[in-house]
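First the structure, in the form of structure tokens, and then the observations on it.
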Amino acid sequence: MNKPQDLLSLAQAAINYAQAVANTAQCKGTLHAGYHAWRIQTQTFEYIPRRSDAWNAMMLATAGEYQKLRNAKSREWRAKQKLLALAKRWEGM
């Protein structure tokens with residue numbers, strides 16, 4: 001794996017991983033903003049115990065944002081695995 005196109009593949013994988021990390025952070029921020037918006041809308045500012053009615057309502061209201069974060073984390077994990085595999089092959093040469 002010492003051809004220029006192999007190095008290009010490694011660089012592209014690094015860029016894809018960096019973009020995936022940034023997207024995960026953005027999705028995490030969107031989810032937290034959704035939690036905050038729900039709290040303002042419902043005037044619920046105290047601690048919310050897990051699995052309480054308020055917790056379930058907040059989770060239901062932010063289900064879309066949560067799913068986007070899970071998808072982003074999956075894409076980040078796959079991009080990292082691809083980058084590590086390419087780096088390992090490069091290192092072995």
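The values are calculated or read from the model by the stated rules, or taken from the named source; none is laboratory data. In this text, all values refer to a predicted model and were calculated from it rather than measured experimentally. When we count neighbours, we look across all protein chains shown, and the Cβ atoms used for this are built from the backbone with ideal geometry, even at glycine. Note: areas computed on protein heavy atoms with side chains; ligands, DNA, RNA excluded. Shrake-Rupley method; radii C 1.70, N 1.55, O 1.52, S 1.80 Å.
Looking at the chain, which longest stretch skips every one of the chymotrypsin sites (Phe, Trp or Tyr not before Pro) that is in a DSSP loop with at most 13 other Cβ atoms within 10 Å, leaving the sites themselves out?
48-93
Quick check on the chain: helices-only [θ] at 222 nm, where DSSP H runs of length 4 and up contribute -39,500 (n - 2.57) each and the sum goes over total residues. Nearest 500, please. Before the final figure, lay out each step's value.
On the way: 3 runs with 78 residues, N = 93.
Estimated from H runs of four or more residues: -30000 deg cm²/dmol.
Excluding Ala87 itself, what net charge comes from residues whose Cβ is under 13 Å from its Cβ, given Lys and Arg +1 and Asp and Glu -1? Walk me through the numbers before you get to the answer.
Working: positive: Lys80, Lys82, Lys88, Arg89; negative: Asp6, Glu91.
Every neighbour counted, the sum reads +2.
Working from Cα positions, state the angle (0 to 90°, nearest 10) between the long axis of helix 63-92 and the longest principal axis of the chain.
20
Exactly which GluC sites (Glu not before Pro) in the chain are in a DSSP loop and have at most 10 other Cβ atoms within 10 Å?
Working: sites: Glu46, Glu65, Glu76, Glu91; in loops: Glu46.
Sparse-neighbourhood loop GluC sites (Glu not before Pro): Glu46.
Averaged per residue, what accessible area in Å² does the chain show with a 1.4 Å probe, protein chains only?
Computed with neighbouring chains in place, this is 74 Å² per residue.
Determine the sum of side-chain charges near Leu31: Lys and Arg each +1, Asp and Glu each -1, restricted to other residues whose C-beta is under 15 angstrom from that of Leu31.
Details: positive: Lys28, Arg39, Lys68, Arg70, Lys73; negative: Glu65, Glu76.
Value of the local net charge: +3.
Would you mind telling me the share, in percent, of accessible area of the range 4-93 contributed by carbon and sulfur at probe 1.4 angstrom? Please report the intermediate quantities before stating the final value.
Details: 3830 of 6640 Å².
Carbon and sulfur together cover 58 percent of it.
For a test of the definition: using alpha carbon positions, the gyration tensor, and the 1.5 limit on a/c, classify the chain as rounded, prolate or oblate.
Numbers: a/c = 5.03, a/b = 3.68, b/c = 1.37.
Cα axes put the chain in the prolate bin.
With a cut-off of at most 15 other beta carbons within 10 Å, and DSSP calling the residue loop, which trypsin sites (Lys or Arg not before Pro) in the range 19-66 qualify? Please list them.
Numbers: sites: Lys28, Arg39, Arg50, Arg51; in loops: Arg50, Arg51.
Those satisfying the criteria are Arg50, Arg51.
Can you sort Asp53, Asp6 by solvent-accessible area, 1.4 Å probe, largest first?
The most accessible residue leads, giving Asp53, Asp6.
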